[in-house]
Amino acid sequence: MVRSLFFLGTAVGLAATPLAAQAPVEFEQYTLSNGLRVILAPDPAASVVTVNVWYNVGSRNERPGRSGFAHLFEHMMFQGSANVDKGEHMQLVERAGGNMNGSTNTDRTNYFETLPPNRLNLGLWLEADRMRSLAITDDNFENQRETVKEERRLRVDNQPYAPAFTEGLTLPYDSTTCFPYSHTVIGSMDDLNAARTADVQEFFDLYYAPSNATLTVVGDFDPVETKALIEQYFGDVPAAEEPSPVECEVAYGDLGGRTVMPDQHANLPAVLIAFLIPEHDHADTPALTLLGTILGQGESSRLNRALVRDAQSALQALAFVDSRRGPGQFIAGAIANQGVGYDTLETQLWAEIGTVVAEGVTEAELEKAKNSYRADQIYGRQTTMGMAETLQHFAHFHDTIEDINSELGRYMAVTLDDVRRVAGAYLVPGNAHTVIAQPAEAGAAGEEGADR
Amino acid sequence: MRPTTRTPMCAGLAAAAVVAAVLGATVQPLSAQYPSDPPPAGPVKALPFPDVQEAELSNGARLLLIEDHDLPVVSLRLSMRAGQRDDPLGREGLAAMTSELLTKGTASRTAEEIAEAIEGVGGSLSAGAGADFFQVFSTVLSDDVELAFELMSDVLLRSTYPEDELELVRTQALSVLQLQKSDPGALASQAFMRGLYGDHPYGRRQTEESAKAITRDDVQNWADTHLRPQGALLTIAGDLTLEQATSFASRYFGEWGGAAPRVEYAPPPAEEPTEIVLVHRPGSAQSNIIVGNRATRPIGDGTYYAADVANKILGGGTDARLFMILREERGWTYGAYSGLPTRLDGGYFQATAEVRTPVTDSALVEMMHQIRRMQTEPVPDSTMAAAKGYLVGSYPLSIETPQQIASRVANAVLFGRGIDFVRTYGQQVDAVAASEVMNAAKLVFKPDSAVVVVVGDGQEVYDALSVIAPVRIIDVEGEPLAVEDLTPKAAALVLDPAQIVARRDSFQIVAQGNPIGTQVTEMVLDGGALTVRETTNIAMAGMLQESEAVLTIDPLAMQSVDQTMTFRGQTGETHLSFADGRVTGTATTPQPTGQFEAKEIDATLLEGVVDQNVMAVIVPALALAEGASFTLNTFDASEGTTTPLTVAVAGVEEVTVPAGTFSAFRVEIAGGQQPVTMFVSQETPRRVVKIAPTGQPIAIELVQ
């Protein structure tokens, strides 16, 4: 049977949390005079090379009335520049035997190409050309606005549980104190409709300057030649002023809300409980991440054993940490089996969470979560793309990129007391917002669906 | 195209950059070196095909090893010749359920012990049944490789398929079937495979009946019969030597033996002229389109490679015609692709797109046109070069990890193409001529005898599709529908007259807690006729709307709607008359673009249809109770169509608004452009106390 991927498929913007394996990661970093940060990690054994650019902008940088801009902009970046025609970016990369893409989440926007080593120059040049001279025209903009609206219809409006996972997970944030996370990455149709070409130009000038970007190259390449190429292609792109910092104030423990979202496309109710947790680069993140694994990752996790196997109330149950550069979320959730109402799921989720808060976890569970974490770090480094994203993660989510070689140690040092303490500090009803996806058609399930 | 160049801004980060930019304007020391053409490819680095080590096992299985000690990781994949293809009639899904149960208990381990063992070392163990092959996978760090062999062997040779685990898998299978009915992609794929393969196992899918029929004996017998090593393939990638691999394999799989029987099936249905299967999914925001046909492509005469080039040009990526035209030129879709999946009993061709509803027919016509173009128009040299550039040039990307190499090699061997297929693929593709691509396209694309599936709102797309080809309509359960079934049925709505009284309600409109406007609703009763007047004023947004609707209560029937609206300097008027089975009139209303557009309205009037303007009067008069749910057909003047809305009572809540605190029904209204929550006081006569669009920071609250 194909395991349902609805949950994972719609969970947008999960920050990767990759880190130190056994051998230390070797890399070199420097900054061009225009502020472009460069990270190089040569690996002569690789069959390919990855060029990966992160711009320090995500939906958290958007202003009210302009939601969806960061993501709309990601589409504009494939619409041509001074020396690259519309659509030619993809063509040039494909014809060189490479692949490429870009993605936007709350905290960053990334662009990347993986290429045969002899085409590294193409990847660098393509990134440089659009950084220095993006083609911002009315036609391009209108066309991509329509594409983005279609993407919204495909990914949000037409998919079961997507509203709960997008709109729903903005609800723990108060729009008056944290607009950055109180709106979705994809944005509202109204804001997309209201966007004007001049807004796009302004956004580009502010956020797509070299001084707001980090270029990472990983794989089979010669560092000396590559540095010269980078200087030649990127060295004279002008810097810009620094964008204003992102403000997000949250009050831990001041939540307790509950929202029922009718879901026209869902046939089974689902429950998501979202707890506010601190920013990624916080001392509690390792313990929270391991707790997420223990509670809701894998068949032997607590939620899977309790809800899916023992009570047989859930089709799927999981927990994970949605770690962000600002306050993030710890999410526990489940999709009901047929004939089970959301109240039942909610009660059972709280019972499992309550047990962890009251009693902590076992030594064996913690050991298992640490092994799993360690293995995932190694698996994540099997490709040049995985390694490039790992380096970028540390460059943006941590104070120093050097953390890449000490992070595993922080996870291995987590104690049973740490896990119990973070559970008690964050996984409490007053620090949660519960989101319920309720099938909009009557009779599918959820007869017990009275609000409390 | 009019590219704009970045204007230098304050170089706050580095003064040097300002200097460089100023110099750049006159001397251009750096920008002179910046190339205005894509830099040329450097010399290709010779990349020999990685060594594939082989061994025959005494039980008849074959072992392939891609040895790589870069990272301490080992992946195992054991592929057996059995799958969905071997599901007995009436037991569809048996292979898949067997694969689920395989890791759920052995003679010496419970399901939980298996999961604890593998997850405890950060590894994975899973089984899956595809169309033709049943595969067991495991990935572990190399310290734990023996555990992976031991667990794989335990589940394959000593699985007990416990009864209670079967019940759990069955419950989940039934839930997944429910989920699939809400997944347009799954609905499209099911209808498409059914159309291609009919009663051949490839065309059959698990149903509620077959999921309920499968017994533990079925599972045990199927596994005993089909999970056999003769002809199976054990592919290993990563940090292991051949000596270690064969030693583990003989230790853990030495006692396994036997061969699986091979069932032959009657050929799939003969090809028929192209027909469109329309899967009616009311309210669908998009249409999922699949066009395709069964397609075999012999490898000996080179058709296989020429067909790959043809598919690459048509829809094999973002550089292909379908993507460039449907997405980049027209903006109709987020993606459009084609593919040529392989099957042991004959593969197929498919082209897919998910498009917005109004362009469904245009997109289908364009897809068919592009398919025919491959058969009739010679492919230009530049296009040939581009396609080959990817198919040949992406070789380094396809062998980046030992797992990728193992996967390519295993697939080539399982489908009878041999390891040499992977070694020589680039050369073979390079040798394909444009004329061979056209010939291959004629052989593998069959637009005149294609299976076309559209999953979408039948009411919106039927008429336009029926012009393209004959249309057969089914519902999401697969049951046939008639054209009349697409129109929403009039629902017998019973209103409680006690809830409808003459009164005047004042509301405030708040955004993020701040009042931004007002709304006044007045109801006047005159005999059996009810007149509803509403004035909405949001001064800061330049919006003023006044409407007057007249209707009778028993029987419920709209009579007229008159509305004027001013919004940011634009003005619109709507005048509708509901009589003699039709809605007629004119409507100038704001469209999603923000512009006002005038429309002539002349639409069928169904019994029980109400205008969207009177929802706030109708909803409180329904038989509201916890758990109750209603379908309300509403007329939307801006669209000129009738839309069935779902009105469901989600519970009772205390709601505080300026008019006081009310015990109120929480009523969720879905199915329209914007889901809305309406709170209706419980006390008779009921009143609307609050209206809030889902996910928007706006609400309308009762003041007095």
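Every number in this text was worked out from the coordinates using simple rules, so none of it is lab data. This is a predicted model, so every value here is computed, not measured. When we count neighbours, we look across all protein chains shown, and the Cβ atoms used for this are built from the backbone with ideal geometry, even at glycine.
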> Over all residues in A:139-145, what is the mean tally of Cβ atoms on other chains that come within 10 Å of each residue's Cβ?
Replying inline: 2
>> I need the shape label for the protein assembly as shown. Rule: rounded when a/c is under 1.5, else prolate if a/b > b/c, else oblate, with a, b, c from the alpha carbon gyration tensor.
In response: rounded
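Going by C-beta contacts inside 10 Å, put B:Trp222, B:Trp256, A:Trp54 in order with the fewest on the left.
B:Trp256, B:Trp222, A:Trp54
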> So what does the Cα-only Debye profile of segment A:284-404 read at q = 0.09, 0.10, 0.11 Å⁻¹, as log10 I(q)/I(0), no solvent term?
Replying inline: -0.31, -0.38, -0.45
> Using alpha carbon coordinates only, what is the Rg to Rh ratio of segment B:170-271, with Rh defined as the Kirkwood radius?
Replying inline: 1.10
> Going by how many other beta carbons lie within 10 Å of each one, how would you line up A:Glu352, A:Glu146, fewest first?
Replying inline: A:Glu146, A:Glu352
> Tell me, what is a quarter of the convex hull surface for the C-alpha atoms of chain A, in nm² with one decimal?
Replying inline: 21.4 nm²
>> Output needed for segment B:245-368: three equivalent-ellipsoid semi-axes, defined as square roots of 5 times the C-alpha gyration tensor eigenvalues, in descending order, whole Å.
In response: 38, 19, 18
>> Please give the charge dipole size of the protein assembly as shown, origin at the Cα centre, charges +1 on K and R Cβ atoms and -1 on D and E Cβ atoms. Round to the nearest 20 debye.
In response: 1300 debye
> Alpha carbon centre of segment A:377-400 versus segment B:221-251: separation in Å?
Replying inline: 34 Å
>> With an 8 Å Cα cut-off and a minimum separation of 6 or more residues, compute the relative contact order for chain A in percent.
In response: 23 percent
> With each pseudo-label sitting 7 Å past Cα toward Cβ, what's the B:Glu54-B:Ala482 distance in nm, one decimal?
Replying inline: 6.3 nm
>> Using only the Cα atoms of segment B:392-454, what are the Rg and Dmax in Å?
In response: 15.6, 43
>> Students often check this: by mean Cβ neighbours within 10 Å, which of B:139-148, A:382-391 ranks highest, and how do the rest follow?
In response: A:382-391, B:139-148
> Given charges of +1 on the Cβ of Lys and Arg and -1 on the Cβ of Asp and Glu, with all other atoms neutral, how large is the dipole of segment B:529-633 about its Cα centre, in debye to the nearest 20?
Replying inline: 260 debye
> Remind me, what semi-axes does segment B:632-672 give for its equivalent ellipsoid, largest first in whole Å, using sqrt of 5 times each Cα gyration tensor eigenvalue?
Replying inline: 28, 13, 6
> Taking the simple approach of a point 7 Å from Cα along Cα-to-Cβ for both B:Glu146 and B:Val392, what is their distance in nm?
Replying inline: 4.9 nm
>> Bins of 10 Å, beginning at zero and ending with the bin holding the largest distance: percent of Cα pairs per bin for segment B:354-410, please.
In response: 18, 25, 25, 28, 4
> At q = 0.20 Å⁻¹, what log₁₀ I(q)/I(0) does a Debye calculation on the Cα points of segment B:58-164 give, no solvent, two decimals?
Replying inline: -1.10
> Can you pull the three principal axis extents for the Cα set of segment A:183-279, in Å, largest first?
Replying inline: 56, 37, 33
> If you take the Cα Rg of segment B:224-263 and divide it by 2.2 N^0.38 Å, with N the number of residues, what do you get?
Replying inline: 1.38
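Work out the mean other chain Cβ neighbour count within 10 Å for the residues of B:646-654 and drop it here as an integer.
Mean partner shielding for this stretch: 5.
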> Where Lys and Arg each count +1 and Asp and Glu each count -1, what net charge lies around B:Ile313 among other residues with Cβ under 13 Å from its Cβ?
Replying inline: -1
> When the Kirkwood radius is taken over all Cα pairs of segment B:567-663, what Stokes-Einstein diffusion coefficient follows at 37 °C and 0.692 mPa s, in µm²/s?
Replying inline: 209 µm²/s
>> Based on alpha-carbon centroids, what's the gap between segment A:82-125 and segment A:275-319 in Å, whole number please?
In response: 36 Å
> For B:Ser287, B:Ser210, what ranking results if the residue with the fewest other Cβ atoms within 10 Å of its Cβ goes first?
Replying inline: B:Ser210, B:Ser287
>> Defining a contact as two alpha carbons under 8 Å apart and six or more residues distant in sequence, what relative contact order in percent does segment A:59-130 show?
In response: 30 percent
> So which of A:Lys149/B:Lys446; A:Lys86/B:Lys446; B:Lys45/B:Lys312; A:Lys86/A:Lys149; B:Lys181/B:Lys312; B:Lys388/B:Lys442 end up more than 23 Å apart, counting from Cα to Cα?
Replying inline: A:Lys149/B:Lys446; A:Lys86/B:Lys446; B:Lys45/B:Lys312; B:Lys181/B:Lys312
>> For chain B, take N as its residue count and report Rg(C-alpha) divided by 2.2 N^0.38 Å.
In response: 1.22
> For segment B:148-207, treating each Cα as an identical point scatterer without solvent, what Debye log10 I(q)/I(0) comes out at q = 0.26 1/Å?
Replying inline: -0.97
>> For the pair A:Asp190/B:Thr571, report the inter-label distance in nm, with labels modelled 7 Å from Cα in the Cβ direction.
In response: 2.5 nm
>> Restricting to Cα pairs below 8 Å that are 6+ residues apart, what does the relative contact order work out to for segment B:557-681? Please round to a whole percent.
In response: 15 percent
